[in-house]
1. Please figure out what share of the DSSP beta bridges in chain A is antiparallel and state it in percent, rounded to the nearest 5.
2. Determine, for B:68, B:99, the number of other Cβ atoms within 10 Å of each Cβ, and report the residues in order from fewest to most.
3. Report, in cubic angstrom per residue, the convex hull volume of the C-alpha atoms of region B:27-112.
4. Extent of the protein assembly as shown along each principal axis, from alpha carbon coordinates, in Å, largest to smallest?
5. Would you mind computing, in nm to one decimal, how far apart the modelled labels at residue A:71 and residue B:22 are, each placed 7 Å from Cα along Cα→Cβ?
6. So for chain A, considering every pair of alpha-carbon atoms, how many percent are separated by more than 24 Å?
7. Sticking to Cα atoms, compute the Rg of region A:49-107 to one decimal and its Dmax as the biggest Cα-Cα distance, whole number, in Å.
8. Hey, got the average number of other protein chain Cβ atoms within 10 angstrom for residues in A:44-53?
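Readers should treat all values here as calculations from the given coordinates under stated rules, not as data from a laboratory. Everything numeric here is computed off the predicted structure, so don't read it as measured data. Positions of Cβ are backbone-derived with ideal geometry, glycine not excepted, and every protein chain shown enters the neighbour counts.
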């Protein structure tokens, strides 16, 4: 158990809908990362937050947004969903930011299926 | 941009066989290198890491050495077990951005 929790575990929805994925980092970790794992794109970095502020952005679609709250949990919002958004979404956390040697601890993921 | 290339899978071995999974990288600067493992139905777990050239990471019998001259970080284990069956990901974290860049993953199956 990494100490990172994600809810829900599974999500099934229809095209055009909007969903929210939730992540609670390990106790004491200030940095949260979101990754998408799909069959065709592999594991891709989406976005990072550090202590409530956006720190780095990857290949995140404009239909997707995220935030980190004062209690450090984070939410990833996916809107106008398309079939191609079906994937496993991982959240990871680390203690700090700006330290490339820092280990990121991954949650169990949320599996999203868009029908 | 930065990238990681892993040997294509799937890889199937017999128990007690020697394992090598190749990983090479392209990056500006001096990245930190990681191996993560994903067991069926689970998230990614850090297996080992190395943060500078010639460092050797090791854990649970797995080893990998950071080779700057060949830009490689190959994963090895002397004697694999059925419980090692999983997907293995090589990744780097560049100095400028703490995001992880992953290879495509290598599915390993160990037969008894």
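1. Values: 37 of 41 bridges.
Expressed as a percentage, antiparallel bridges in chain A total about 90.
2. Numbers: B:68 10, B:99 25.
Going from least to most buried by this count: B:68, B:99.
3. Details: hull volume 8.3 nm³, N = 86.
Convex hull volume per residue, Cα atoms: 96 Å³.
4. Result for the protein assembly as shown: principal-axis Cα extents of 48, 37, 31 Å.
5. Placing both labels 7 Å beyond Cα along the Cβ direction yields 5.0 nm.
6. Values: 1194 of 6555 pairs.
Taking all Cα-Cα pairs of chain A, the fraction more than 24 Å apart is 18 percent.
7. When restricted to the Cα atoms of region A:49-107, Rg and Dmax are 12.8, 36 Å.
8. On the way: counts 4, 6, 1, 1, 3, 0, 1, 0, 0, 0.
Taking all residues of A:44-53 together, the mean is 2.
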